[in-house]
Amino acid sequence: MNASSNAIRPAMAPDGSAQDEARLLSRIVLLNVKYSPNLGDGLLSECLERELARALPDCEVTSIDLAGRTGYPSGYGRTRGIALALLERLPGRLRRCAAWTMLRLVIAVRLRRHYSAGLEGAEAVIVGGGNLLTDADLNFPMKISGALAQAARRDLPVVIYAVGVSSRWSRWGSRIFAQALERSRLAWASVRDEGSQRAWQRHFAGYAVPPAQLTVDPGVLASSHYPQSLRRPGTRKIGVCITDPLAVRYHSDAACAANLEAWYPAALRSLVEHGFEVVLFTNGSPEDREYLHHRLHAWVRQAKGPVMLARSFDTPADLAALVSGCDAIVGHRMHACIAAYSFGIPAIGLRWDEKLDSFFRLAGRAEHMLDPSAIAAEEMGTRTAAAIADHFDPAPLAARARSEVEALAATLRTAALARPRRVR
């Protein structure tokens, strides 16, 4: 499958021809991890693609997956859990050297060609959506730098849009990110929360990188781009999104993952005791799926009630269908919670990464962020009932996100027009 085969194509005129008249932009490329096994990344990428296509109906909008993936098959990432475990055992400096060597080879052998082909015919580039400005073993610093180098070769304007920025980068990662942005034609930058804004300012202090504005994560538009599932009358269905404690520990501190092994089954028992029907699912990451499948039968026995496994799904639309058919969602994964919010469904966030706290504060739902290392699992039934009773309206945040994408479209038009046209 070609990277652009899932692109959103230009709108068609009544006679079936593309609307070429007065076209200012013909092709916009997003750099993201759209085809990550974590379907939350695909959900936000699809929302941004589709909303941008609404704002630029004369333009093709497509994504380049930074890891070189070209579709949603469930087989991707099956060795990730092994890689995480191996890297976790290495001391810091050796770990970064091993990661840098491996990534440099992957970029040279495979990804550089992938980025170059995907940028063919592009008029502007967006590094768009998701927790992309993070430094977990140099993964995103190296890949984003490699992709932006190809954009710089073509003198393409670059916009950073609604990204998450982690607070902890290695010195090596900071330098790679800063140099990549300094060498780019960076037209505008925005991040998705105040914590990311502070981290951006701190990381790029002293570099020729402009400050970042605040924009809403495009995942809040999920209900505009996916249908809502029907709910069975009389049910009280709670979707619990399971995350492998290893992944929680890898991206946060050990305290967040310390008691999850015992906390999960006790929380499920509490939900059952409060009259809820529980459906277990993951966002798609292979390590999460494997963790859940290995513990499913024991958890069902301990819960002593209606706890079941969701059918397997492999696309963002499947994730949206599951989430939108629940009465509430519980989990660590940010875009399961954001999708729930978009559909007007209460979410209970499980603390592990500042990005999730930031979204709950933005959404006015901070009281429904729970820390499994501090909150007894036996309270989950009561806390979930309280979240369901606390009604909210997602429309204002969605309207803001739509307006911000329209402003992004205007910025792209201006930046692309300022770029000297190449003589073909």
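The smallest convex shape that holds all Cα atoms of the chain, its convex hull, gives 143 Å³ per residue.
For the range 201-281, applying the loop criterion from DSSP together with a ceiling of 16 other beta carbons within 10 Å to the trypsin sites (Lys or Arg not before Pro) yields R231. In the chain, the longest principal axis of the Cα atoms and the axis of helix 380-389 are about 60 degrees apart.
Could you give the C-alpha radius of gyration of the range 186-266 expressed as a fraction of 2.2 N^0.38 Å, taking N as the number of residues it contains? For the range 186-266, the normalised Cα radius of gyration is 1.67. Binning the alpha carbon pair distances of the range 104-203 at 5 angstrom intervals from zero yields the distribution 2, 13, 24, 26, 21, 10, 4, 0, expressed in whole percent. Rounded to the nearest 10 degrees, the inclination of helix 395-418 to the longest alpha-carbon principal axis of the chain is 20 degrees. The lysine pair count for the chain, using Cα distances under 23 Å and pairs eight or more places apart or on different chains, is 4. Counting only protein heavy atoms and a 1.4 Å probe, the chain has 42 square angstrom of accessible area per residue. In the range 339-424, the ratio of gyration radius to Kirkwood radius, Rg to Rh, stands at 1.25 when only Cα atoms are counted. Legend: residues T134, T101, sorted from most to least accessible area (1.4 Å probe; ligands, DNA and RNA excluded), read T101, T134. Between A376 and R168, residue separation times 0.36 nm minus the direct Cα-Cα distance comes to 72.0 nm. Determine the shape class of the range 297-399: with a ≥ b ≥ c the square roots of the Cα gyration tensor eigenvalues, call it rounded for a/c under 1.5, and otherwise prolate if a/b is greater than b/c, oblate otherwise. It comes out oblate by the Cα gyration axes. Kirkwood analysis of the Cα pair distances in the range 212-354 returns a hydrodynamic radius of 15.6 Å.
The angle separating the long axis of helix 260-273 from the principal Cα axis of greatest extent in the chain is about 60 degrees. A Cβ-based charge dipole, computed about the Cα centre of the chain with Lys and Arg at +1 and Asp and Glu at -1, lands at about 1380 debye.
The values are calculated or read from the model by the stated rules, or taken from the named source; none is laboratory data. Everything numeric in this text was worked out from a predicted model, so none of it was measured. Virtual Cβ from ideal backbone geometry, glycine too; neighbours counted across all protein chains shown. The accessibility values were calculated without ligands, DNA or RNA, using every heavy atom of the protein model including side chains. Shrake-Rupley method; radii C 1.70, N 1.55, O 1.52, S 1.80 Å.
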